[in-house]
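The values are calculated or read from the model by the stated rules, or taken from the named source; none is laboratory data. The structure presented is a predicted model; accordingly, all values stated were derived computationally and were not measured. Quick reminder, even Gly has a Cβ in these numbers, built from the backbone with ideal geometry, and neighbours come from all protein chains shown. Note: accessible area is taken over every heavy atom of the protein model, side chains too, but ligands, DNA and RNA are not part of it. Shrake-Rupley method; radii C 1.70, N 1.55, O 1.52, S 1.80 Å.
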Amino acid sequence: MRKEEKVQIIENIAAQLEQTPDFYIADISGLNADKTAQFRRQCFEKEIKLIVVKNTLLRKALESRNYSDAASLIPALEGPTAIMLTSTPNAPAKLIKEFAKDNGKPVLKGAIVQDCTYVGADQLETLVNIKSKQELIADIVALLQSPAKNVISALQSSAGGKLAGIVKTLSEKE
(Lines give C-alpha, C1' and ligand atoms only; values in the text may rest on other atoms or scores of the structure.)
Protein backbone atom coordinates (compact mmCIF):
# COMPACT_ATOMS: atom_id res chain seq x y z
CA MET A 1 0.00 0.00 0.00
CA ARG A 2 1.40 3.39 -0.96
CA LYS A 3 1.85 6.15 1.58
CA GLU A 4 -0.84 8.30 -0.10
CA GLU A 5 -3.35 5.49 0.23
CA LYS A 6 -2.50 5.04 3.91
CA VAL A 7 -2.90 8.78 4.56
CA GLN A 8 -6.27 8.72 2.81
CA ILE A 9 -7.43 5.73 4.90
CA ILE A 10 -6.26 7.40 8.13
CA GLU A 11 -8.14 10.59 7.24
CA ASN A 12 -11.24 8.58 6.35
CA ILE A 13 -11.18 6.66 9.64
CA ALA A 14 -10.56 9.86 11.62
CA ALA A 15 -13.47 11.60 9.89
CA GLN A 16 -15.80 8.70 10.67
CA LEU A 17 -14.68 8.67 14.31
CA GLU A 18 -15.36 12.39 14.50
CA GLN A 19 -18.88 11.97 13.04
CA THR A 20 -19.77 9.16 15.45
CA PRO A 21 -17.85 9.71 18.68
CA ASP A 22 -19.19 6.48 20.25
CA PHE A 23 -17.27 3.53 18.88
CA TYR A 24 -16.20 0.04 19.83
CA ILE A 25 -13.19 -1.99 18.77
CA ALA A 26 -13.62 -5.74 18.65
CA ASP A 27 -11.91 -8.91 17.48
CA ILE A 28 -14.04 -10.76 14.95
CA SER A 29 -11.31 -13.14 13.78
CA GLY A 30 -12.12 -16.81 13.89
CA LEU A 31 -15.62 -16.39 12.47
CA ASN A 32 -16.13 -18.29 9.23
CA ALA A 33 -17.49 -16.53 6.14
CA ASP A 34 -21.13 -17.36 6.93
CA LYS A 35 -20.91 -16.16 10.53
CA THR A 36 -19.05 -13.00 9.47
CA ALA A 37 -21.72 -12.23 6.88
CA GLN A 38 -24.42 -12.88 9.47
CA PHE A 39 -22.68 -10.55 11.95
CA ARG A 40 -22.29 -7.82 9.31
CA ARG A 41 -26.00 -8.18 8.43
CA GLN A 42 -27.01 -7.78 12.07
CA CYS A 43 -24.75 -4.72 12.34
CA PHE A 44 -26.45 -3.22 9.29
CA GLU A 45 -29.91 -3.91 10.71
CA LYS A 46 -29.01 -2.17 13.97
CA GLU A 47 -27.42 0.78 12.15
CA ILE A 48 -23.89 -0.10 13.25
CA LYS A 49 -21.12 0.51 10.76
CA LEU A 50 -18.50 -2.26 10.88
CA ILE A 51 -15.04 -1.55 9.47
CA VAL A 52 -12.07 -3.94 9.61
CA VAL A 53 -8.87 -1.91 9.95
CA LYS A 54 -5.16 -2.29 10.43
CA ASN A 55 -4.12 -1.48 13.97
CA THR A 56 -1.42 1.01 12.97
CA LEU A 57 -3.83 2.95 10.77
CA LEU A 58 -6.43 3.09 13.55
CA ARG A 59 -3.79 4.18 16.06
CA LYS A 60 -2.66 6.98 13.75
CA ALA A 61 -6.27 8.05 13.15
CA LEU A 62 -6.87 8.23 16.90
CA GLU A 63 -3.67 10.18 17.40
CA SER A 64 -4.45 12.58 14.53
CA ARG A 65 -7.73 13.61 16.16
CA ASN A 66 -6.12 14.06 19.58
CA TYR A 67 -8.49 11.78 21.45
CA SER A 68 -7.54 12.26 25.07
CA ASP A 69 -8.64 8.74 25.97
CA ALA A 70 -7.05 7.07 22.94
CA ALA A 71 -3.82 6.32 24.79
CA SER A 72 -5.59 3.76 26.96
CA LEU A 73 -6.98 2.00 23.86
CA ILE A 74 -3.57 1.64 22.15
CA PRO A 75 -2.56 -1.51 24.11
CA ALA A 76 -5.81 -3.18 22.97
CA LEU A 77 -4.83 -2.73 19.32
CA GLU A 78 -3.24 -6.13 18.87
CA GLY A 79 -4.40 -8.81 16.49
CA PRO A 80 -7.32 -8.40 14.08
CA THR A 81 -9.42 -5.33 14.81
CA ALA A 82 -12.84 -4.15 13.68
CA ILE A 83 -14.36 -0.77 14.49
CA MET A 84 -18.07 -0.58 15.26
CA LEU A 85 -19.45 2.94 14.77
CA THR A 86 -22.90 3.84 16.05
CA SER A 87 -25.13 6.65 17.20
CA THR A 88 -26.75 4.42 19.86
CA PRO A 89 -24.18 3.96 22.62
CA ASN A 90 -25.16 0.48 23.83
CA ALA A 91 -26.23 -1.15 20.54
CA PRO A 92 -22.82 -2.66 19.66
CA ALA A 93 -22.39 -4.02 23.19
CA LYS A 94 -25.78 -5.73 23.05
CA LEU A 95 -24.98 -7.16 19.60
CA ILE A 96 -21.55 -8.42 20.70
CA LYS A 97 -23.04 -10.07 23.77
CA GLU A 98 -25.90 -11.67 21.84
CA PHE A 99 -23.75 -12.89 18.92
CA ALA A 100 -20.90 -14.15 21.11
CA LYS A 101 -23.33 -16.22 23.18
CA ASP A 102 -23.73 -18.64 20.26
CA ASN A 103 -20.43 -18.17 18.41
CA GLY A 104 -17.78 -17.27 20.99
CA LYS A 105 -16.82 -14.21 18.96
CA PRO A 106 -16.66 -11.21 18.59
CA VAL A 107 -14.64 -10.22 21.61
CA LEU A 108 -14.72 -6.66 22.89
CA LYS A 109 -11.28 -5.04 22.94
CA GLY A 110 -12.34 -1.59 24.03
CA ALA A 111 -14.71 1.31 23.45
CA ILE A 112 -15.08 5.02 23.77
CA VAL A 113 -18.70 5.71 24.71
CA GLN A 114 -20.09 9.03 25.93
CA ASP A 115 -16.58 10.41 26.47
CA CYS A 116 -15.52 7.47 28.66
CA THR A 117 -13.01 4.76 27.77
CA TYR A 118 -13.64 1.09 28.42
CA VAL A 119 -10.84 -1.41 27.83
CA GLY A 120 -11.19 -5.18 27.88
CA ALA A 121 -13.85 -7.81 27.41
CA ASP A 122 -14.80 -7.57 31.09
CA GLN A 123 -16.36 -4.14 30.39
CA LEU A 124 -19.02 -5.61 28.08
CA GLU A 125 -21.72 -5.92 30.75
CA THR A 126 -21.16 -2.30 31.81
CA LEU A 127 -21.54 -1.15 28.22
CA VAL A 128 -24.71 -3.20 27.72
CA ASN A 129 -26.30 -1.41 30.69
CA ILE A 130 -25.55 2.11 29.44
CA LYS A 131 -28.79 3.87 28.56
CA SER A 132 -29.17 5.74 25.31
CA LYS A 133 -30.43 9.31 25.14
CA GLN A 134 -33.89 8.10 24.08
CA GLU A 135 -34.08 5.64 26.99
CA LEU A 136 -33.12 8.37 29.47
CA ILE A 137 -35.76 10.73 28.05
CA ALA A 138 -38.38 7.96 28.32
CA ASP A 139 -37.42 7.37 31.97
CA ILE A 140 -37.73 11.08 32.77
CA VAL A 141 -41.11 11.35 31.04
CA ALA A 142 -42.36 8.31 32.96
CA LEU A 143 -41.20 9.86 36.25
CA LEU A 144 -42.92 13.14 35.42
CA GLN A 145 -46.18 11.42 34.45
CA SER A 146 -46.40 9.34 37.61
CA PRO A 147 -47.64 12.08 40.00
CA ALA A 148 -50.19 13.32 37.47
CA LYS A 149 -51.53 9.78 37.02
CA ASN A 150 -51.85 9.40 40.79
CA VAL A 151 -53.91 12.61 41.08
CA ILE A 152 -56.17 11.59 38.18
CA SER A 153 -56.76 8.13 39.60
CA ALA A 154 -57.53 9.63 43.04
CA LEU A 155 -60.09 11.95 41.46
CA GLN A 156 -61.70 9.06 39.56
CA SER A 157 -61.90 6.68 42.52
CA SER A 158 -64.78 6.62 45.00
CA ALA A 159 -62.87 8.89 47.36
CA GLY A 160 -62.27 11.12 44.38
CA GLY A 161 -65.94 11.97 44.28
CA LYS A 162 -65.66 13.50 47.72
CA LEU A 163 -62.45 15.27 46.76
CA ALA A 164 -64.05 16.60 43.59
CA GLY A 165 -67.03 17.85 45.65
CA ILE A 166 -64.70 19.65 48.06
CA VAL A 167 -62.81 21.27 45.16
CA LYS A 168 -66.13 22.33 43.57
CA THR A 169 -67.38 23.80 46.87
CA LEU A 170 -64.16 25.72 47.39
CA SER A 171 -64.26 27.12 43.87
CA GLU A 172 -67.89 28.25 44.30
CA LYS A 173 -67.11 30.11 47.54
CA GLU A 174 -64.74 32.44 45.72
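Figure note: CYS116, CYS43 ranked by solvent-accessible area, largest first, 1.4 Å probe, ligands and nucleic acids not counted: CYS116, CYS43. Each of TYR24, TYR118 has its accessible area taken with a 1.4 Å probe; listed largest first, they run TYR118, TYR24. Put simply, the amide H of LYS109, placed in the peptide plane, has neighbours under 5 Å in ILE25, ALA26, ASP27, leaving out anything fewer than 5 places away on its chain. Only protein heavy atoms count here; under a 1.4 Å probe, LYS35 has an accessible surface of about 70 Å². Considering only Cα atoms, the convex hull volume of the chain works out to 183 Å³ per residue. GLU63 to GLN145: FRET efficiency via 1/(1 + (r/R0)^6), r the Cβ-Cβ distance, R0 45 Å, to the nearest 0.05? With R0 = 45 Å, the Cβ-Cβ based efficiency is 0.45. Largest GNM mean-square fluctuation among ASP27, ASP115, ASP102, using the chain with Cα springs under 10 Å: ASP102.
The largest accessible area among LYS49, LYS168, LYS109 belongs to the first residue in LYS168, LYS49, LYS109, and the rest follow in falling order (1.4 Å probe, all chains). For ASP22, the residues whose modelled amide H falls within less than 5 Å of its own, excluding neighbours fewer than 5 places apart on the same chain, are THR86.
Whole-Hz Karplus values for the stretch 113-125 come out as 10, 6, 6, 10, 9, 10, 10, x, 5, 5, 8, 4, 5 Hz, taken residue by residue from phi with 6.51 cos²θ - 1.76 cosθ + 1.60 and θ = phi - 60°; glycine and proline positions read x. In this simple spin-label model, placing a label point 7 Å from the Cα along the Cα-to-Cβ direction at both VAL7 and VAL128 gives a separation of 4.5 nm. Charge tally around PHE39: other residues with Cβ under 15 Å, Lys/Arg +1 each, Asp/Glu -1 each, net +3. By accessible area, using a 1.4 Å probe on protein heavy atoms only, the stretch 29-79 has 48% of its surface on carbon and sulfur. For the chain, a Gaussian network of Cα nodes joined below 10 Å ranks PHE44, PHE99, PHE23 by mean-square fluctuation, and the top entry is PHE44. For the residues SER146, SER29, SER72, a GNM of the chain with alpha-carbon springs under 10 Å puts the largest fluctuation on SER146. Near THR81, the amide H atoms lying under 5 Å from its own belong to VAL53; only residues 5 or more places off or on other chains count, and H is placed 1.01 Å from N. Which of the residue pairs LYS6/LYS46; LYS94/LYS149; LYS60/LYS101; LYS3/LYS60 have a Cα-Cα distance greater than 24 Å in the structure shown? Table pairs above 24 Å Cα-Cα are LYS6/LYS46; LYS94/LYS149; LYS60/LYS101. Spin-label model, SER171/LYS101: points 7 Å from Cα along the beta carbon direction are separated by 5.2 nm.
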